[in-house]
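The values are calculated or read from the model by the stated rules, or taken from the named source; none is laboratory data. Please read all numbers here as calculations on a predicted model, not as lab measurements. Methodologically, a virtual Cβ is constructed for each residue, glycine included, from the backbone with ideal geometry; neighbour enumeration extends over all protein chains shown.
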Amino acid sequence: MTQFGTPTQRRSRRVAIVIAVVLAAAGIVVLFPRAEGYRHWRPAQSALRAEDFELARAELALARRARPTVAAYAYEAARAARRDGDLRAARSLRTAAAELGQPSDDIRLEESLAAVQQSGWRGHDESLIALLPKRPADAARIREVLAHAFYGDLLLGTAVEHAMAWVELEPWSGRAWQLLGEIKETSRDMPGAMEAYQNAVERNAALVRAQVGYADALFRQLRTDEAVAHYLRALEANPGDRDARLGLTRTYVQLDRLGDAAPVIAGLVADHPQDAEVLGLAGRVALLGNRTAEAESLLTRSLAKVRNLVVLQDLQATLARRGKVAEARAVDEQIAALRKDFDRLDRLTEVAQTSLAPGPRVEMGQILIRNGLNREGAAWLYDALRCAPGYRPAHAALADYHAARGETEQAEHHRRLAGGQ
């Protein structure tokens, strides 16, 4: 016998080695995909926490490639796609998750969230609210969707309740604070908006809308240098952002930096030639630069779309400077009519805050639409129907609104509900 054993022993050792190698290879085959999937799952969760949906979706795609049969990966990818606004991809991923065995309750929840996210609030919030005590782990996602849906329909009181609840559930979320800031700004709670936007940019400096909202709040407080800094930060993230460029132009005008304002507003007009707010501000810059013919054209184009008191006053000053005295005096009537409308709006708003009567809401909607604020006006008309679903004057006003926009089917629908009025 040699020191390495008998032939039989040597053969046994070789067999054992081969078996060990095979088992190791099998282990690698089994464990490597699992490790690879988890290697991408962890950064995906970190990206979701940081609200970087692009990165999260990329990591989840890699996790799914490593382990295509894991339902949780497909479900999380569906949720990330929906939150990122990619509803088509979310639907496909939901189907994949369901086929892989994701619980049906999870799939139904995501389907409901996607439906409200896509269509807005239309009385479909009750089923989601009923899920809050049953699915506390999903409460933030439910509140997020409901806050956006109510805000999209300008139902601000309910929207702020859901946004506040989202902030309480995820105080680290820059997006939650940003949405709360937007709602408070729209409802004219400017101190609340400023606080929310500041919280948003402190938590997520990459949120362009939060940077702009915070800059707007600083501008209103005449903290113009700080406002410029935040507008520029927003433009670093998105050089073409319309609101950041608009705010930056206003701030440059306030600082008497017309040379800086002119190229910014010129680019805006080129990009948004039909935007009433852009045209009005461009008209003001032209007026301040003594380009009165250009100013008159821009201001007139703005007013053809939306009636605005400041733009009317700028047009009156432009006409007077151009020697068009009679035309300038005629603008007085338009200014008086607009002031009367918005004085009436202020009184109706006070009523609407303490009453669910649909009548004041219809009147508010009609005033806003008459002055070119169509989205805001339509929201008040739909709010009137929320208070009184069968209120015929609201249906009649909505029929007129949709007919003027060429939306025949919707106009006929409301005309029937108005009783042919």
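General observations
- Residue match in the range 273-281 (condition: in contact with a Ser or Thr (Cβ under 8 Å, 6 or more places away or on another chain), buried (at least 17 other Cβ atoms within 10 Å of the Cβ), in contact (Cβ under 8 Å) with a residue 60 or more places away in the chain and part of a helix (DSSP H, G or I)): yes
- Test result for T349, in a helix (DSSP H, G or I), free of Cβ contacts under 8 Å to residues at least 24 places away in the same chain, within 24 Å of Y151 (Cβ to Cβ) and among the hydroxyl-bearing types (S, T, Y): yes
- Qualifying residue in the range 12-22 (condition: farther than 29 Å from R203 by Cα, surrounded by fewer than 17 Cβ atoms within 10 Å (Cβ to Cβ), among the polar types (S, T, N, Q) and at pLDDT below 75): yes
- Residue within the range 245-257 that is within 30 Å of K324 (Cα to Cα), modelled with pLDDT of 95 or more, part of a helix (DSSP H, G or I) and basic (K, R) present: yes
- Enumeration of residues in the range 183-198 that are surrounded by fewer than 22 Cβ atoms within 10 Å (Cβ to Cβ) and assigned to a helix (DSSP H, G or I): E185, T186, M190, P191, G192, M194, E195, Q198
- Count - residues of the range 33-53 that are closer than 26 Å to E202 by Cβ, free of Cβ contacts under 8 Å to residues at least 40 places away in the same chain and in contact with a helix residue (DSSP H, G or I) (Cβ under 6 Å, 6 or more places away or on another chain): 5
- Qualifying position, being of a type outside the set (A, V, I, L, M), modelled with pLDDT of 90 or more, part of a helix (DSSP H, G or I) and farther than 23 Å from S104 by Cα, among E36, E54: E54
- The range 63-91 residues that are touching a residue at least 40 places away in the same chain (Cβ under 8 Å), paired with ones that are in a helix (DSSP H, G or I) and of a type outside the set (K, R) (beta carbon under 7 Å, 6 or more apart): R79/E110; R83/F53
- Within the range 119-134, being surrounded by fewer than 14 Cβ atoms within 10 Å (Cβ to Cβ) and not β-branched (V, I, T) holds for S119, R122, G123, E126, S127, A130, P133, K134.
- Of the residues R82, R94, R122, the single one that is under 30 Å from Y382 (Cα atoms) and either modelled with pLDDT of 95 or more or not in a loop (DSSP other than H, G, I, E, B) (or both) is R82.
- Just one of the listed residues (L180, L169) is in contact with a helix residue (DSSP H, G or I) (Cβ under 8 Å, 6 or more places away or on another chain) and buried (at least 17 other Cβ atoms within 10 Å of the Cβ), namely L180.
- Pairs with Cβ under 7 Å, 6+ apart, first in the range 399-414 and more than 19 Å from W380 (Cβ to Cβ), second of a type in the set (G, A, S): none
- Of all residues in the range 218-251 being among the acidic types (D, E) and crowded, with 17+ Cβ neighbours inside 10 Å, the one that is farthest from Q198 (Cα to Cα): D241
- Tally, over the range 39-48, of residues that are surrounded by fewer than 16 Cβ atoms within 10 Å (Cβ to Cβ) and at pLDDT 90 or above: 3
- Residue count for the range 139-160, restricted to those that are at pLDDT below 95, assigned to a helix (DSSP H, G or I) and among the acidic types (D, E): 0
- In the range 155-172, residue farthest from A206 (Cα to Cα) [restricted to those that are more than 15 Å from the chain's Cα centre (by Cα) and small (G, A, S)]: G157
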